[in-house]
Structures are given as structure tokens and as C-alpha cells.
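The values are calculated or read from the model by the stated rules, or taken from the named source; none is laboratory data. Computed from a prediction, not measured in an experiment: that's the story for all the values here. As a convention, Cβ positions derive from the backbone with ideal geometry for all residues, glycine included, and neighbour counts pool all protein chains shown.
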Amino acid sequence: MMVSDAKLREIFATTKTIALVGYSAHPDRPSHMVARFLQAKGYRVIPVNPGLAGQTALGETVYADLAAIPPEIEVDMVDIFRRSEAMPDITRDALAHLPHLQVVWMQIGVGNEEAEALARQAGKTVVADRCPKIEMPRLGL
């Protein structure tokens with residue numbers, strides 16, 4: 001199901017903290033570029049990557065997985081840079097460990113019907129096969 005431009009504007013206006021799953025420390029990687037873009041737009045970006053866990057990236061601690069993010073960090077959205085087959089497990093983790101979660105965002109080329117259904121059944125907004133770094137400028141944000 002496509003998310004309307006009005007809904008995207010609402011997501012961008014109400015989101016404060018984003019957990020970015022699949023963050024890369026390499027500046028030329030899309031996940032790194034999107035994380036920096038979102039941070040420059042004023043969002044708090046929490047990097048998630050098991051290979052970098054405990055390190056600092058973009059001024060934030062990198063967490064191994066969504067369960068490791070402390071509960072005092074109120075994550076509104078997960079932005080997922082992982083293969084489609086990883087989506088159901090990541091979505092389950094997000095639903096189980098992020099009580100403030102409102103949006104499950106799957107990057108361009110990524111989508112999974114099972115994960116999307118899990119998120120929607122839990123009352124979350126799902127955005128699939130899109131990128132905030134593209135959508136925000138397109139919407140003039």
C-alpha cells in the first residue's frame with residue numbers, strides 16, 4: 001500500500017528519533033549518507049549495526065540490535081537498510097522493544113509482505129521501497 005504525500009509529511013513532522021538499522025560507518029554507503037542527511041534535518045539518529053556496537057557514530061552510541069537500545073531513547077521510527085528476508089525478524093524486534101514506535105520504514109528495493117503485515121497489525125505505519133533522503137526534498141522539506 002502506497003503512503004500518501006500527506007502521510008509522509010505527517011511522519012516527517014512528528015518523528016523525532018530514528019533507529020537506523022544497517023548503519024554503515026563508510027561515508028560512501030547509502031545508509032551512512034541517509035543517517036547524516038536525517039541528522040542534518042534535526043532528527044536524532046540511533047545507528048544499529050552489530051559489527052560496530054559500542055562505538056560512537058554521528059555522536060551517538062551504535063547498538064548491536066533494536067533490543068539493545070535503552071528504553072529512555074524513545075524511537076519513533078525504524079529505517080531499515082537490510083535485505084528483504086531480514087525484515088520480519090527486524091520488525092518483530094522493533095515491535096517488541098520500541099514502545100514508542102510509530103513507523104517502520106523499509107528502504108528502496110526493500111519490502112516484505114510478512115513484515116509489513118506484522119507492523120500494520122500492530123497499528124504502525126509502513127513505508128516500503130522509499131527513501132527519506134529522496135522523499136523529503138521531493139516534498140520540499
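Points to keep in mind about this one:
- Of residues in the range 116-134 being assigned to a loop (DSSP other than H, G, I, E, B) and free of Cβ contacts under 8 Å to residues at least 40 places away in the same chain, the one nearest to the chain's Cα centre (by Cα): Ala128
- In this structure, Pro88 does not qualify as out of contact with any His (no Cβ under 6 Å at 6 or more places or on another chain) and assigned to a loop (DSSP other than H, G, I, E, B).
- Applying the criterion of being more than 19 Å from Lys133 (Cβ to Cβ) and β-branched (Val, Ile, Thr) to the residues of the range 86-118, the residue that is surrounded by the fewest Cβ atoms within 10 Å (Cβ to Cβ) is Ile90.
Quick grid of which residues meet (1) acidic (Asp, Glu); (2) surrounded by fewer than 18 Cβ atoms within 10 Å (Cβ to Cβ):
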| site | (1), (2) |
| --- | --- |
| Asp5 | yes, yes |
| Ile11 | no, no |
| Asp28 | yes, yes |
| Met33 | no, yes |
| Phe37 | no, yes |
| Gln55 | no, yes |
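- Among the residues here, Arg83 qualifies as closer than 17 Å to Ala19 by Cα and at pLDDT below 95.
- Residue selected from the range 87-115 under the condition among the acidic types (Asp, Glu) and touching a residue at least 24 places away in the same chain (Cβ under 8 Å), by the criterion nearest to Pro30 (Cα to Cα): Asp93
- Matching residues in the range 91-115 - criterion: being of a type in the set (S, T, N, Q) and not in a helix (DSSP H, G or I): Gln102, Gln107, Asn112
- Long-range neighbours under 6 Å by Cβ, at least six apart or interchain, first residue on the phi > 0 side of the Ramachandran plot and at pLDDT 95 or above within the range 7-23, second surrounded by fewer than 20 Cβ atoms within 10 Å (Cβ to Cβ) and part of a loop (DSSP other than H, G, I, E, B): Gly22/Arg82
- The residues listed here are Leu141, Leu66; of these, the one that is within 18 Å of Thr14 (Cβ to Cβ) and either touching a Gly at 6+ places or on another chain (Cβ under 7 Å) or of a type outside the set (D, E, K, R) (or both) is Leu141.
- Within the range 27-52, the set of residues being in contact with a strand residue (DSSP E or B) (Cβ under 6 Å, 6 or more places away or on another chain) and without any contact (Cβ under 8 Å) to a residue 24 or more places away in the chain comprises Ala35, Gln39.
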